[in-house]
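S.K.: One structure, pasted below without further comment.
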Amino acid sequence: MLMFVYVFGGAIQTGTAYVNYIVPGIIIFCAGYGSSMTAVSVSQDRLGGLFERLRSMPVHPSSFMLGHVIGSFVRNAISAALVFVVAFLLGFRPEAGWLDWLGVVLLLSLFILSVCWLAVVFGLLAKSVETASAFTFIVMFMPYVSSAFVPTDTMPSWLRAYADYQPFTPLIETLRGLLLDTDIGRQSWIAVVWFGGMLFVSYIVAMILFRRKG
């Protein structure tokens, strides 16, 4: 955040203070990176033989993965709070009411949970810990080609088509609209469909893979 605000911020015109514009993208970037590390932890436990030990115990199949997801969720909630603290110190001044803040919390929670469960799936599929770590690069790359750091209308038309319709842009635009009290339009529903669907599908696939990978 310090780099973007103080190094690039003066050269980028967004119609508002750059720190206000960039906060949603930085939060998503940090939360996505932290959640993606769940893939590495799951892969390590699976390849280390923990699956076999768990199968000899009277525990529900989801409890193993749920522990990873809850741990990751708590870590990322703390990191998101730290991002807000730093942003306020840099001059971030949201115009959100308490209902808007509630929407921000719920949407961030949905995002973190969906990426965590997707990371679990990737960790169950990976042949090695190194392969599982590749999921981190996927999650880190996508926010760059979105409206996280610059408006998409400044991009070439072929790149803008991707940036406008990938999952992260409606999520970031919804968070930005809630925090800055600007028009959201249908971006919120698109974001909920993207990440709600991802959460549902990832959970089901993770349960199936856990039973088969043993």
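The values are calculated or read from the model by the stated rules, or taken from the named source; none is laboratory data. What you see is a predicted model, and the numbers here were worked out from it, not measured in a lab. Neighbour counts are summed over all protein chains in view; Cβ atoms, including those assigned to glycine, are modelled from backbone coordinates with ideal geometry. Please note that ligands, DNA and RNA were not included when accessible areas were found on the heavy atoms of the full protein model with its side chains. Shrake-Rupley method; radii C 1.70, N 1.55, O 1.52, S 1.80 Å.
S.K.: Please go through the range 153-165 and pick out each residue that is out of contact with any Ser or Thr (no Cβ under 6 Å at 6 or more places or on another chain) and either of a type in the set (Phe, Trp, Tyr) or within 23 Å of Gly196 (Cβ to Cβ) (or both).
M.R.: Trp158, Tyr162, Tyr165
S.K.: Residues that are among the acidic types (Asp, Glu), more than 21 Å from Val83 (Cα to Cα), open to solvent by 50 Å² or more (accessible area, probe 1.4 Å) and in contact with a Lys or Arg (Cβ under 8 Å, 6 or more places away or on another chain): does the range 178-201 have at least one? Before the answer, list the steps.
M.R.: In the first step, residues of the range 178-201 are kept if they are among the acidic types (Asp, Glu); the result is 181, 183.
So of that shortlist, the ones also more than 21 Å from Val83 (Cα to Cα) come out as 183.
Checking the rest, the ones that are also open to solvent by 50 Å² or more (accessible area, probe 1.4 Å) come to 183.
Of the ones still in play, those that are also in contact with a Lys or Arg (Cβ under 8 Å, 6 or more places away or on another chain) are none.
No, the range 178-201 contains no residue that is among the acidic types (Asp, Glu), more than 21 Å from Val83 (Cα to Cα), open to solvent by 50 Å² or more (accessible area, probe 1.4 Å) and in contact with a Lys or Arg (Cβ under 8 Å, 6 or more places away or on another chain).
S.K.: Does Ser146 satisfy being in contact (Cβ under 8 Å) with a residue 60 or more places away in the chain, over 21 Å from Trp101 (Cβ atoms) and among the hydroxyl-bearing types (Ser, Thr, Tyr)?
M.R.: yes
S.K.: Moving to a separate point now. Restricting attention to the range 156-168, which residues are surrounded by 13 or more Cβ atoms within 10 Å (Cβ to Cβ) and outside any helix (DSSP H, G or I)?
M.R.: Once the filter is applied, which keeps residues that are surrounded by 13 or more Cβ atoms within 10 Å (Cβ to Cβ) and outside any helix (DSSP H, G or I), the range 156-168 yields Gln166, Pro167.
S.K.: Further, regarding this structure: Checking Phe141 against (1) surrounded by 13 or more Cβ atoms within 10 Å (Cβ to Cβ); (2) within 19 Å of the chain's Cα centre (by Cα): exactly one of these is not met. Which one?
M.R.: Failed condition: (1).
S.K.: Please state which one of Leu106, Leu113, Leu171, Leu124 is surrounded by fewer than 20 Cβ atoms within 10 Å (Cβ to Cβ), of a type in the set (A, V, I, L, M) and part of a helix (DSSP H, G or I).
M.R.: Only one candidate qualifies: Leu106.
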